[in-house]
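A.B. asks: Pasting in a structure now, in structure tokens, and then I'll have a few things to ask.
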């Protein structure tokens with residue numbers, strides 16, 4: 001079976017190539033970011049598992065670490081809040097999606113998925129993912145089946161994994177080191193599948209001994225569609241022990257219907273595999289400078305408070321507070337003097353430190369994420385878009401990356417796991433035989449709504465503003481824009497209260513009343529003219545017809 005599926009030597013070489021590429025190209029910058037941004041994250045070679053020793057001894061100024069944590073909480077609150085719906089399900093066929101039985105079915109599936117995600121550790125894993133993403137620009141999360149909670153997730157930190165992608169630049173290969181205790185190996189894979197060394201350690205009760213296990217998840221080149229076999233699935237997963245003497249022995253060979261790893265990347269540059277240009281990368285220089293400045297400031301203050309002194313060679317000086325120094329009264333000229341006089345510009349240095357701290361906060365979009373992390377249900381997407389327009393515009397592509405690389409595959413895989421476990425409700429007859437690929441996902445998080453509102457309202461204002469600017473020269477352009485619809489769409493985009501927008505019937509009644517009032521005003525304006533004309537006619541008709549004009553007299557009678 002093993003020989004048929006894969007060759008362990010080839011698997012090991014592929015695994016080693018992936019790890020070597022990451023170690024040589026990315027680990028140097030990752031280690032530097034960890035040291036000066038977030039020392040608690042990262043797990044590299046030869047580092048102890050579950051090492052609780054302090055790792056931030058060189059981090060005097062904790063600004064970068066603090067704002068990194070705020071970013072994680074802010075992305076959690078703004079994108080995948082546990083207390084608010086952040087996605088809804090629909091169909092690509094929008095007409096079918098509006099059919100009531102279909103709407104009810106999609107709502108029920110959505111509700112059940114929310115319940116599964118809430119019972120699992122999905123939200124906990126996403127918080128770790130966001131922290132990792134903001135710090136190192138790459139953040140994978142794995143979603144696995146779980147008999148107790150339907151599914152379970154785990155986020156990873158730099159140093160313990162490596163990635164590869166397909167020709168479409170989508171992550172499709174995941175390799176990782178797993179540090180496990182001897183009992184964990186036996187429990188997870190079975191004693192009979194463990195190496196001889198692990199079996200002996202287990203029998204001798206060496207339960208605290210650590211074993212390094214390798215795992216690679218990759219496309220299965222032997223996949224046969226329709227074949228019922230746990231191994232012959234679209235993706236295969238291979239586990240083996242590091243240093244195992246048996247060259248052909250795997251701890252486990254299994255497979256997945258979907259790629260179980262969602263790898264978020266802050267910014268993908270060209271065809272590079274790992275994300276780059278995230279807040280941690282951008283704030284690294286400022287954080288390193290801050291450590292130097294803070295150290296220099298503390299040194300200057302200490303020298304000012306406790307300067308080095310010159311002491312006579314025959315005088316024993318007690319420098320402790322309240323200390324007593326004995327000297328000969330006849331040698332009063334003996335004195336303790338500072339080695340040098342200095343007046344450090346503390347305020348100027350403090351100002352520069354504050355400026356560097358502000359730069360780091362801007363790199364991490366601190367104001368925006370602090371608002372999102374502290375926002376409750378009363379915070380609306382409109383308020384978010386108004387207060388943080390510039391930052392939301394800049395973050396738009398990042399949020400799209402996270403939705404495409406993490407949220408969408410997580411929702412799709414969660415639905416697939418539920419379907420295989422029979423947790424979907426019976427579909428209406430219109431959806432019998434429907435594939436999960438036919439589902440469409442709409443994101444309703446506070447960030448997603450705010451960005452949509454911002455983009456939509458901005459485009460409306462730009463079009464209306466342009467038309468108004470051209471109208472004085474070409475009034476006919478006003479006929480192009482439906483201003484009623486423009487105002488309605490703008491109100492929707494800004495989430496204006498419904499009670500301030502009149503219905504079509506109310507608008508029609510108001511306009512009809514305005515038309516009648518205008519007609520009445522026109523009639524009122526014409527009334528004096530009409531009255532004058534009537535008066536003139538009356539005066540003419542009432543003229544003294546008896547009074548004969550000269551012509552009448554001349555002709556001898558009325559003229560017909």
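The values are calculated or read from the model by the stated rules, or taken from the named source; none is laboratory data. This is a predicted model, so every value here is computed, not measured. Here Cβ is always computed from backbone atoms with ideal geometry, including for glycine, and neighbour counts include all displayed protein chains.
A.B. asks: Take the residues in the range 85-103 that are at pLDDT 90 or above and in a loop (DSSP other than H, G, I, E, B), then tell me which one is surrounded by the fewest Cβ atoms within 10 Å (Cβ to Cβ).
C.D. replies: The residue in question is 85.
A.B. asks: All but one of (1) part of a helix (DSSP H, G or I); (2) farther than 21 Å from residue 91 by Cβ; (3) modelled with pLDDT of 90 or more hold for residue 408; which doesn't?
C.D. replies: (2)
A.B. asks: A further question follows. Regarding residue 66, is this residue surrounded by fewer than 17 Cβ atoms within 10 Å (Cβ to Cβ), touching a helix residue (DSSP H, G or I) at 6+ places or on another chain (Cβ under 8 Å) and at negative phi?
C.D. replies: The answer is no for residue 66.
A.B. asks: What's the number of the only condition in (1) under 19 Å from residue 297 (Cα atoms); (2) surrounded by 13 or more Cβ atoms within 10 Å (Cβ to Cβ); (3) modelled with pLDDT under 90 that residue 346 fails to meet?
C.D. replies: Going through (1) under 19 Å from residue 297 (Cα atoms); (2) surrounded by 13 or more Cβ atoms within 10 Å (Cβ to Cβ); (3) modelled with pLDDT under 90 one by one, residue 346 breaks only (2).
A.B. asks: Looking at 529, 477, 467, can you tell me which residue is within 30 Å of residue 392 (Cβ to Cβ) and at pLDDT 70 or above?
C.D. replies: So the residue among 529, 477, 467 that is within 30 Å of residue 392 (Cβ to Cβ) and at pLDDT 70 or above is 467.
A.B. asks: Can you tell me which residue is farthest from residue 76 (Cα to Cα) among those in the range 433-483 that are in a loop (DSSP other than H, G, I, E, B) and in contact (Cβ under 8 Å) with a residue 40 or more places away in the chain?
C.D. replies: Checking each candidate, the answer is 444.
A.B. asks: Here is a further query. Scan the range 213-225 and tell me whether some residue there is touching a helix residue (DSSP H, G or I) at 6+ places or on another chain (Cβ under 9 Å), modelled with pLDDT under 95, surrounded by fewer than 16 Cβ atoms within 10 Å (Cβ to Cβ) and not in a helix (DSSP H, G or I).
C.D. replies: yes
A.B. asks: Filter the strands (runs of 3 or more DSSP E) completely within the range 107-210 down to those with at least 1 residues that are at positive phi, touching a residue at least 24 places away in the same chain (Cβ under 8 Å) and buried (at least 19 other Cβ atoms within 10 Å of the Cβ).
C.D. replies: Correct list: 150-155.
This table checks each residue for (1) in a helix (DSSP H, G or I); (2) touching a strand residue (DSSP E or B) at 6+ places or on another chain (Cβ under 7 Å); (3) under 28 Å from residue 73 (Cα atoms); (4) at pLDDT 75 or above.
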{"site": "330", "(1), (2), (3), (4)": "yes, no, no, no"}
{"site": "333", "(1), (2), (3), (4)": "no, no, no, no"}
{"site": "362", "(1), (2), (3), (4)": "yes, no, yes, yes"}
{"site": "378", "(1), (2), (3), (4)": "no, no, yes, no"}
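A.B. asks: Could you check how many residues of the range 431-443 are more than 28 Å from the chain's Cα centre (by Cα) and under 10 Å from residue 91 (Cβ atoms)?
C.D. replies: So the count comes out to 2.
A.B. asks: Looking only at the range 303-316, filter to residues that are closer than 13 Å to residue 338 by Cβ and in a loop (DSSP other than H, G, I, E, B); which one of those is modelled with the lowest pLDDT?
C.D. replies: 311
A.B. asks: Taking the range 412-438 only, how many residues are within 20 Å of residue 126 (Cβ to Cβ) and in contact with a helix residue (DSSP H, G or I) (Cβ under 7 Å, 6 or more places away or on another chain)?
C.D. replies: 5
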